[in-house]
Amino acid sequence: LNVPIAFFNGGWSGTGSNAWRESANDSTATPFNFFTMPRGMPYGNLRAALHFYVAQFGVRAVLWHQGETDNVQEVNRDTYGNNLKIVITKSREHSGKSNLAWVISKASRFKGFQIINSRTWQPVIDAQNDVIGINGNTQPNYTAQVFEGPITDGLVGPNIRTSDSIHFVGNGHRILAGVWNQRLNTAFFTNSTPYLPIPPPTLTGDCNGVSNLLITVSNTYSSPNW
């Protein structure tokens with residue numbers, strides 16, 4: 001695209017879709033995922049990025065890679081899909097960008113203290129497909145302006161992930177970046193809605209010929225408060 005690209009990390013390790021939904025709905029919520037989350041987390045980091053950085057830098061999309069914790073919790077298809085749809089909707093409400101694009105990775109692989117062998121979880125994959133629209137736009141959790149990300153569950157092996165079969169390592173990062181790059185293609189850039197930065201307001205001072213300083217602010221704010 002011949003422009004610099006910035007990635008702002010809004011992720012939080014070990015979090016399920018329930019925690020994201022709860023904290024998106026209530027900024028004072030303290031969801032429990034293996035441990036009690038700090039207030040407003042995990043969604044709080046994404047919300048902060050949408051409030052502060054998007055205004056300064058603009059935004060192309062939210063890239064979502066999550067689903068492993070919902071595997072171990074055996075979350076069903078409808079619950080996961082509804083959770084994700086709510087988080088997407090809230091991100092658009094909080095940012096004021098009704099067409100904010102999301103790109104959803106198909107991710108569910110988990111191996112840990114409750115699952116002996118590495119496994120995937122089809123209800124999560126089905127729900128992610130529902131939200132994207134792969135299963136049709138009549139699905140109740142279908143969400144517009146959501147794009148298909150890479151399928152990552154098949155990326156396994158000691159040179160790709162750590163021994164927990166969850167976290168990518170070494171050359172696995174390059175492989176993961178490559179499959180993401182394939183999905184951020186011409187069709188995505190053609191059909192997604194980019195949002196430009198919001199210019200900061202300009203303050204102007206006028207002494208009005210005497211000792212009083214009159215400050216005015218640019219842009220069309222209905223009622224500036226000082």
Suppose we filter the stretch 88-102 for residues that are in contact with a helix residue (DSSP H, G or I) (Cβ under 8 Å, 6 or more places away or on another chain), surrounded by fewer than 20 Cβ atoms within 10 Å (Cβ to Cβ) and not in a helix (DSSP H, G or I); how many remain?
3
Looking at the structure I just gave you, is Leu50 surrounded by 13 or more Cβ atoms within 10 Å (Cβ to Cβ), modelled with pLDDT under 95 and under 15 Å from the mean Cα position of the chain (by Cα)?
yes
Total residues in the stretch 3-31, condition exposed (fewer than 12 other Cβ atoms within 10 Å of the Cβ) and not in a loop (DSSP other than H, G, I, E, B)
0
Positions within the stretch 72-87 being in a helix (DSSP H, G or I) and modelled with pLDDT of 95 or more, in sequence order:
Arg77, Asp78, Thr79, Tyr80, Gly81, Asn82, Asn83, Leu84, Lys85, Ile86, Val87
Residue count, the stretch 139-163 (criterion: among the charged types (D, E, K, R) and farther than 28 Å from Asn82 by Cα)
1
Confirm whether Val72 is within 28 Å of Thr120 (Cα to Cα), touching a helix residue (DSSP H, G or I) at 6+ places or on another chain (Cβ under 7 Å) and open to solvent by less than 70 Å² (accessible area, probe 1.4 Å).
no
Meets criteria (open to solvent by 70 Å² or more (accessible area, probe 1.4 Å), assigned to a strand (DSSP E or B) and free of Cβ contacts under 8 Å to residues at least 24 places away in the same chain) for Thr216:
no
Looking at the stretch 103-211, what strands (runs of 3 or more DSSP E) fall wholly within it and have at least 3 residues that are surrounded by 13 or more Cβ atoms within 10 Å (Cβ to Cβ)?
110-112, 115-119, 146-151
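The values are calculated or read from the model by the stated rules, or taken from the named source; none is laboratory data. What you are looking at is a predicted structure, and each value in this text was computed from that prediction instead of being measured. Virtual Cβ from ideal backbone geometry, glycine too; neighbours counted across all protein chains shown. Quick note on the areas: whole protein, heavy atoms, side chains included, nothing else; ligands and nucleic acids left out. Shrake-Rupley method; radii C 1.70, N 1.55, O 1.52, S 1.80 Å.
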